[in-house]
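The values are calculated or read from the model by the stated rules, or taken from the named source; none is laboratory data. What you are looking at is a predicted structure, and each value in this text was computed from that prediction instead of being measured. A quick note on method: Cβ atoms are made from the backbone with ideal geometry, for glycine too, and the neighbour counts reach across all protein chains shown. We work out accessible area using only protein heavy atoms, side chains counted, and drop any ligands, DNA or RNA first. Shrake-Rupley method; radii C 1.70, N 1.55, O 1.52, S 1.80 Å.
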Amino acid sequence: QVQLVESGGGLVQAGGSLRLSCAASGRTVSSYSMGWFRQAPGKERDFVAAIKWTFGSRYYADSVKGRFTISKDNANNTMYLQMNSLKPEDTAVYYCAASRNWVGALKDGYEYWGQGTQVTVSS
């Protein structure tokens, strides 16, 4: 089992920045792939970014390319999402997820999920 805990959400003005963290515990995630998803009220949970744990390859949704950066700290089993130039449309609950296999943007392929952290961007 893998437990994932997100933190770092909050309220920020448009144009501001936030950094989300996802701490993994339980089974080591050294060979896992991990991702960030977000869900706005009344909408589907959408892919944001993913990273291959072993090689560090990064993938992003078009809507966040150039503004968000996904990264990882192997030593601390932690994944991050640096969010810059935030827009009101980025407002959502952000979830981290983990998979033993590379599934990229495929939401249903992720085996473990965190509880989510709220990000609110005011205009």
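Which condition number in (1) touching a Cys at 6+ places or on another chain (Cβ under 9 Å); (2) part of a loop (DSSP other than H, G, I, E, B) is the one that K43 fails?
Of the numbered conditions (1) touching a Cys at 6+ places or on another chain (Cβ under 9 Å); (2) part of a loop (DSSP other than H, G, I, E, B), the odd one out for K43 is (1).
Only residues that are surrounded by fewer than 18 Cβ atoms within 10 Å (Cβ to Cβ) and touching a strand residue (DSSP E or B) at 6+ places or on another chain (Cβ under 7 Å): list them for the stretch 85-100, please.
Once the filter is applied, which keeps residues that are surrounded by fewer than 18 Cβ atoms within 10 Å (Cβ to Cβ) and touching a strand residue (DSSP E or B) at 6+ places or on another chain (Cβ under 7 Å), the stretch 85-100 yields K87, P88.
Going residue by residue through the stretch 18-40, is there one that turns out to be of a type in the set (A, V, I, L, M), assigned to a loop (DSSP other than H, G, I, E, B) and at pLDDT 95 or above?
Yes - at least one qualifying residue is present in the stretch 18-40.
Collect the residues in the stretch 46-65 that are assigned to a loop (DSSP other than H, G, I, E, B), at pLDDT 95 or above and either small (G, A, S) or under 18 Å from T117 (Cβ atoms) (or both), keeping them in residue-number order.
If the condition is that a residue be assigned to a loop (DSSP other than H, G, I, E, B), at pLDDT 95 or above and either small (G, A, S) or under 18 Å from T117 (Cβ atoms) (or both), then A61, S63, V64 are the ones that fit.
Which is open to solvent by less than 30 Å² (accessible area, probe 1.4 Å) and among the small types (G, A, S), of A61, A105, A75?
Checking each option against the conditions leaves just A61.
Scan the stretch 47-100 residue by residue and report those that are among the aromatic types (F, W, Y), within 21 Å of S25 (Cα to Cα) and in contact (Cβ under 8 Å) with a residue 24 or more places away in the chain.
W53, Y80, Y94, Y95
Check the stretch 48-55 and report whether any residue there is among the aromatic types (F, W, Y) and open to solvent by 70 Å² or more (accessible area, probe 1.4 Å).
yes
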